[in-house]
Amino acid sequence: MRLFIENYVKKVAPLVKKANLAYWEASVTGNPEKYKEAAKYEFEIAKLHSNREEFLKLREFLKEDIKDELLKRQIVLIYLSYAGKQGDPNLVKQIIDKQNEIEEKFNTFRAELNGKKVTDNELKEILRSEKKNMALRKEAWLASKQIGKVVAKDVLELAKLRNKLAKSLGYKDYFEMALKLQEQTPEEIIGLFDKLDNEISPEYQKVKADIDKMLARRYKISSKSIMPWHYEDPFFQEGISFDSVNLDKYYKGKDLANIAKDFYASIGLDVTDILERSSLYEKEGKMQHAFCTDIDREGDVRILTNIKDNESWMDTVLHELGHAVYDKYLDKNLPYVLREACHTFTTEAVAMLFGRQSKNPEFLKKYCGLSDREAKNIAPQLYKMQKFQQLVFSRWCQVVTRFEKEMYAHPEKGVDYFNNYWWQLKEKYQLIKKPKDRNNPDWAAKIHISAYPVYYHNYMLGELFASQMNFYIAKNIIHTDNIKQTFLGDNKEIGKYFIEKIFKPGARYRWDRFVKEATGDELNPKYYKLQFVD
Ligand SMILES: [Zn+2]
């Protein structure tokens, strides 16, 4: 067994490093050769994991009674990597081709608005800022859904193909397979989402009514006539902006990378070396999003950002550095296979928790020079805005996750059925009014449904775990009752907690045990509710 692992790491570690380096180069420069190189290594890694013989060997290993916990954990994780790449190669290729075909349609499609081709960003900008012309808002919203019709049939075809693969490997459907490969089960996730729904639902009704009232006032219409196109984004996933809170002005002219460095240093986490290796600012040809990468699991951690001096980038820099400190402070004595975050949602949680600080009154005071009075005045509005954002997002996650479950359970029910089902979910969880007689594949207009399948729930788990850590730190380390707007800086004990309890364990435990060891309680929505429902 140990020999198997040794050989495995010898093969996979250099490939992973090469793939990460090529992808980094590609993202920073935009060089198509580098993108090709990265794809080539990715393919080699996938091929390595598709080896049937080794997969069966791993399955045999798992039947043995392995006493050594670390050894067993490594076998489990390697097994899952192989399990995700098994199946008839022809079918696997069909799935990849279908997915690429859909993504290409997303990339090249331009919606038409009043006879003119427009980009997604232009449509989003109208929904964000148009305050007078309601007809234009409606047209923009409708235009944002045009892509749905273009890809809907393909998306259901893709779901059927994914199901075929899942069934051939002994799973009920792709929803179950994808979750199990992430060490989750449908029962666990839906159970957690049901609980969350129960905790949040009554408060969300109030929040939703408040939002509708605010919008009605803004647009000078009645709140009863609020329709999907009156919200600020096409799916109503983000909450709304507050006219009374403009954080961008506080970050104007500030050096955000330096603020982040000082903030992390104030809790004993050193990001100097990370920033030195990173690509922080806009450049010709460079990728426009942000990400963090652990190149080699030996300490070469970098972030890619395109920093501008506004609040959203402050959030993003803190967020990506959250991923980065997680990787940097992983226990380097752990075996290679365990030297990564416990789960996608645990590293997402750390990143989100630190990202939230960009809207924290104490943080603004310390790093943007707000006076005590200013900070005190703005605090209630800041809290309300964040709360709205969170609750709106949580309802949206309910829609996406439950939709995916149903889509993989019955893809044969066809486009019309899912057009209707989508709006049933949106009415039930988001309390959004379905436009009269609407029968359009609005669900297919969300790229995650096809390109990032059965992944969305992890964002929600991340928010839940972020609030759970926040509560633990407030109570046990800072000893404060301020659990709603906790300032997480200026205390070296906080960094120590993260290093010892969150980062160091790496992937040595399954996520449920990890959360319990780190916070004393199992993952649950209680702390999220305590933080965002008053
Ligand atoms: Zn992230």
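Numerical summary
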item	result
Residue match in the range 176-195 (condition: more than 28 Å from residue 82 (Cβ to Cβ), open to solvent by less than 10 Å² (accessible area, probe 1.4 Å) and under 23 Å from the mean Cα position of the chain (by Cα))	yes
Filter result (more than 22 Å from the chain's Cα centre (by Cα), touching a residue at least 24 places away in the same chain (Cβ under 8 Å) and part of a helix (DSSP H, G or I)) within the range 86-107	89, 91, 92, 94, 95, 98, 101, 105
Boolean, residue 499 is in contact with a helix residue (DSSP H, G or I) (Cβ under 7 Å, 6 or more places away or on another chain), open to solvent by 10 Å² or more (accessible area, probe 1.4 Å) and among the β-branched types (Val, Ile, Thr)	no
Qualifying residues in the range 196-232 (those that are among the acidic types (Asp, Glu) and over 25 Å from the mean Cα position of the chain (by Cα)) - the one least open to solvent (accessible area, probe 1.4 Å)	212
Enumeration of residues in the range 422-448 that are over 20 Å from the mean Cα position of the chain (by Cα) and open to solvent by 40 Å² or more (accessible area, probe 1.4 Å)	424, 427, 428, 431, 433, 434, 436, 437, 438, 439
Residue count for the range 502-534, restricted to those that are open to solvent by 10 Å² or more (accessible area, probe 1.4 Å) and at positive phi	1
Tabulated pairs, the range 316-328, first of a type in the set (Asp, Glu), second open to solvent by 10 Å² or more (accessible area, probe 1.4 Å) and away from the ligand (no atom under 11 Å from the Cβ), C-beta under 9 angstrom, 6+ apart or interchain	320/278; 327/293; 327/294; 327/297; 327/299; 327/339; 327/340
Per-region count, the range 50-88, residues basic (Lys, Arg) and either touching a Gly at 6+ places or on another chain (Cβ under 7 Å) or farther than 24 Å from residue 179 by Cβ (or both)	2
Residues located in the range 475-499, provided they are among the aliphatic types (A, V, I, L, M), in contact (Cβ under 8 Å) with a residue 60 or more places away in the chain and not in a helix (DSSP H, G or I)	488
Enumeration of residues in the range 78-97 that are of a type in the set (A, V, I, L, M) and open to solvent by less than 40 Å² (accessible area, probe 1.4 Å)	78, 80, 83, 91, 95
Selected residue [surrounded by fewer than 21 Cβ atoms within 10 Å (Cβ to Cβ) and modelled with pLDDT of 95 or more] from 294, 255	255
Selection from the range 312-321 of residues that are near the ligand (Cβ under 10 Å from one of its atoms) and either of a type in the set (Ser, Thr, Tyr) or touching a Cys at 6+ places or on another chain (Cβ under 7 Å) (or both)	316, 320
Residue 366 away from the ligand (no atom under 16 Å from the Cβ) and outside any helix (DSSP H, G or I)	no
Qualifying residue in the range 322-334 (condition: assigned to a loop (DSSP other than H, G, I, E, B) and either touching an Asp or Glu at 6+ places or on another chain (Cβ under 6 Å) or within 11 Å of the ligand (Cβ to nearest atom) (or both))	no
Single residue of 13, 111, 83, 22 found to be farther than 29 Å from residue 289 by Cβ, within 28 Å of the chain's Cα centre (by Cα) and among the aliphatic types (A, V, I, L, M)	83
Meets criteria (in contact (Cβ under 8 Å) with a residue 24 or more places away in the chain, assigned to a helix (DSSP H, G or I) and within 27 Å of residue 512 (Cβ to Cβ)) for residue 346	yes
Identity of the residue in the range 10-24, open to solvent by 30 Å² or more (accessible area, probe 1.4 Å) and at pLDDT 95 or above, that ends up farthest from residue 97 (Cα to Cα)	10
Lone unmet requirement of (1) open to solvent by less than 10 Å² (accessible area, probe 1.4 Å); (2) in contact with a Cys (Cβ under 8 Å, 6 or more places away or on another chain) for residue 459	(1)
Flag for residue 394 being more than 20 Å from residue 189 (Cα to Cα) and either crowded, with 21+ Cβ neighbours inside 10 Å or within 16 Å of the ligand (Cβ to nearest atom) (or both)	no
Answer residue from the range 347-359, given it is open to solvent by less than 10 Å² (accessible area, probe 1.4 Å) and more than 12 Å from residue 469 (Cβ to Cβ) and is nearest to the ligand (Cβ to nearest atom) among those	355
Those helices (runs of 4 or more DSSP H) lying entirely in the range 242-294 with at least 2 residues in contact with a strand residue (DSSP E or B) (Cβ under 9 Å, 6 or more places away or on another chain) and closer than 14 Å to residue 320 by Cα	272-277
Conditions (1) at pLDDT 95 or above; (2) in a loop (DSSP other than H, G, I, E, B); (3) of a type in the set (Phe, Trp, Tyr): number failed by residue 455	(1)
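This table checks each residue for (1) in contact (Cβ under 8 Å) with a residue 40 or more places away in the chain; (2) of a type outside the set (Lys, Arg); (3) in contact with a helix residue (DSSP H, G or I) (Cβ under 6 Å, 6 or more places away or on another chain); (4) not in a loop (DSSP other than H, G, I, E, B).
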{"site": "34", "(1), (2), (3), (4)": "no, no, yes, yes"}
{"site": "44", "(1), (2), (3), (4)": "no, yes, yes, yes"}
{"site": "55", "(1), (2), (3), (4)": "no, yes, yes, yes"}
{"site": "59", "(1), (2), (3), (4)": "no, no, no, yes"}
{"site": "66", "(1), (2), (3), (4)": "yes, yes, yes, no"}
{"site": "72", "(1), (2), (3), (4)": "no, no, no, yes"}
{"site": "75", "(1), (2), (3), (4)": "yes, yes, yes, yes"}
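The values are calculated or read from the model by the stated rules, or taken from the named source; none is laboratory data. Note that the structure is predicted; figures quoted are calculated from it, not measured. Note that we place each Cβ from the backbone using ideal geometry, even for glycine, and neighbour counts take in every protein chain shown. Side chains are part of the model used for accessible areas, which takes the heavy atoms of the whole protein and leaves out ligands, DNA and RNA. Shrake-Rupley method; radii C 1.70, N 1.55, O 1.52, S 1.80 Å.
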